[in-house]
Amino acid sequence: MTEIPPVTLVCCGVIGTTVADNGMVERAYSEAIATQGVVTGTSAYARSMAGVHRSRGQYTLDVMHSLFPENQPRAQAAQLAFDRSYGAAIGRTGVAAVPGAELALDKLRGSGVRVCLISGFSKKVFASVLDALGWWDKIDLAVSPDETPRGAPAPDLVLTAMLRLGVDDVRETAVAMSTEAGVKAGRRAGAGVVAASKPESELQEVNNKLGALKKAILFAEEI
């Protein structure tokens, strides 16, 4: 039997895994599509928000492209509106870490494991989130989908983290996500551990009561 290498890199998702949502993402989508004439109380709005919910964890621009497939300029405009809306929300209320997330990140890095945060946000919005949390010194890398050819559920984000942080074997990577797209990205990248923090559809298979980050820590501590 081939020996499984120890975990040397943990890739964590952001919203729902390390950062609390508090409805900010949904409000930003709602405000963004409203700039394109899709407003609350209409069937178009209901269809669009259903699409947003199905696309959790995907790049926000990809989501907008799916909502406005016949009009790419509208999709791009909606993406810019999303970034403005979410950025304004950070300015008004800030963002909050999921309880225990900061301790988990510190514990991982303290054990010698490198940490990468992966987001579906644009690089600009992601940087604003990390700035608000003061987390730049808690991680080794942050990767956004506008830095890679494809966002989740493609494996590009996770593979980029592996390459930039010098992982020798993809199985040395643990991926902790709260979305189906994120879990698929981890699996498709060949990560040795893929953990989920919310039991929805195929996430149930890898979910447990510990939550994604705690599960990843347990694997790291086996080094």
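Taking GLU70, is it loosely packed, with under 15 Cβ neighbours inside 10 Å and farther than 17 Å from LYS138 by Cβ?
Criteria met by GLU70.
Could you give every pair whose Cβ atoms fall below 7 Å, whose first residue belongs to the stretch 1-24 and is farther than 19 Å from LEU103 by Cα, and whose second residue is not in a loop (DSSP other than H, G, I, E, B), counting only separations of at least 6 or pairs across chains?
ILE4/ARG171; PRO5/ARG171; PRO5/GLU172; PRO6/GLU172; MET24/TYR86; MET24/ALA89
Starting from the stretch 77-92, take each residue that is closer than 17 Å to VAL38 by Cα and list its partners that are outside any helix (DSSP H, G or I) and β-branched (Val, Ile, Thr), counting only C-beta distances under 6 angstrom and pairs at least six apart or across chains.
What qualifies is ALA81/THR35.
Within the stretch 87-100, identify whether any single residue is buried (at least 16 other Cβ atoms within 10 Å of the Cβ) and closer than 25 Å to ASP156 by Cα, and answer yes or no.
Checking the stretch 87-100: not a single residue is buried (at least 16 other Cβ atoms within 10 Å of the Cβ) and closer than 25 Å to ASP156 by Cα.
Please verify whether the stretch 166-174 includes one or more residues that are modelled with pLDDT of 95 or more, touching an Asp or Glu at 6+ places or on another chain (Cβ under 8 Å) and in the same structural domain as ILE15 (by TED's automatic domain parsing).
No, the stretch 166-174 contains no residue that is modelled with pLDDT of 95 or more, touching an Asp or Glu at 6+ places or on another chain (Cβ under 8 Å) and in the same structural domain as ILE15 (by TED's automatic domain parsing).
Of all the residues that make up the stretch 102-131, how many are under 22 Å from GLY151 (Cβ atoms), in a helix (DSSP H, G or I) and touching a residue at least 24 places away in the same chain (Cβ under 8 Å)? Break it down stepwise before answering.
Looking only at the stretch 102-131, we keep the residues that are under 22 Å from GLY151 (Cβ atoms), and these are 114-131.
Now drop any that are not in a helix (DSSP H, G or I), which leaves 123-131.
If we keep only those that are touching a residue at least 24 places away in the same chain (Cβ under 8 Å) as well, we get 123-126, 128-129.
Within the stretch 102-131, residues that are under 22 Å from GLY151 (Cβ atoms), in a helix (DSSP H, G or I) and touching a residue at least 24 places away in the same chain (Cβ under 8 Å) number 6.
At pLDDT 95 or above, closer than 21 Å to VAL10 by Cα and not in a strand (DSSP E or B): which single residue out of GLN58, GLN76 fits that description?
GLN58
Residue check: is ALA44 of a type in the set (A, V, I, L, M), more than 25 Å from GLU147 (Cβ to Cβ) and under 18 Å from the mean Cα position of the chain (by Cα)?
No, not satisfied.
From the list TYR29, TYR45, which one is crowded, with 22+ Cβ neighbours inside 10 Å and aromatic (Phe, Trp, Tyr)?
Within the list TYR29, TYR45, the selection yields TYR29.
Which one of the conditions (1) within 28 Å of GLY192 (Cβ to Cβ); (2) part of a helix (DSSP H, G or I) does GLU3 fail to meet, given that it meets all the rest?
That leaves (2) as the condition not met.
I need the full set of residues from the stretch 147-180 which are in a helix (DSSP H, G or I) and surrounded by fewer than 16 Cβ atoms within 10 Å (Cβ to Cβ), in order please.
GLU147, LEU163, ARG164
The values are calculated or read from the model by the stated rules, or taken from the named source; none is laboratory data. All values reported here derive from a predicted model rather than from experimental measurement. Virtual Cβ from ideal backbone geometry, glycine too; neighbours counted across all protein chains shown.
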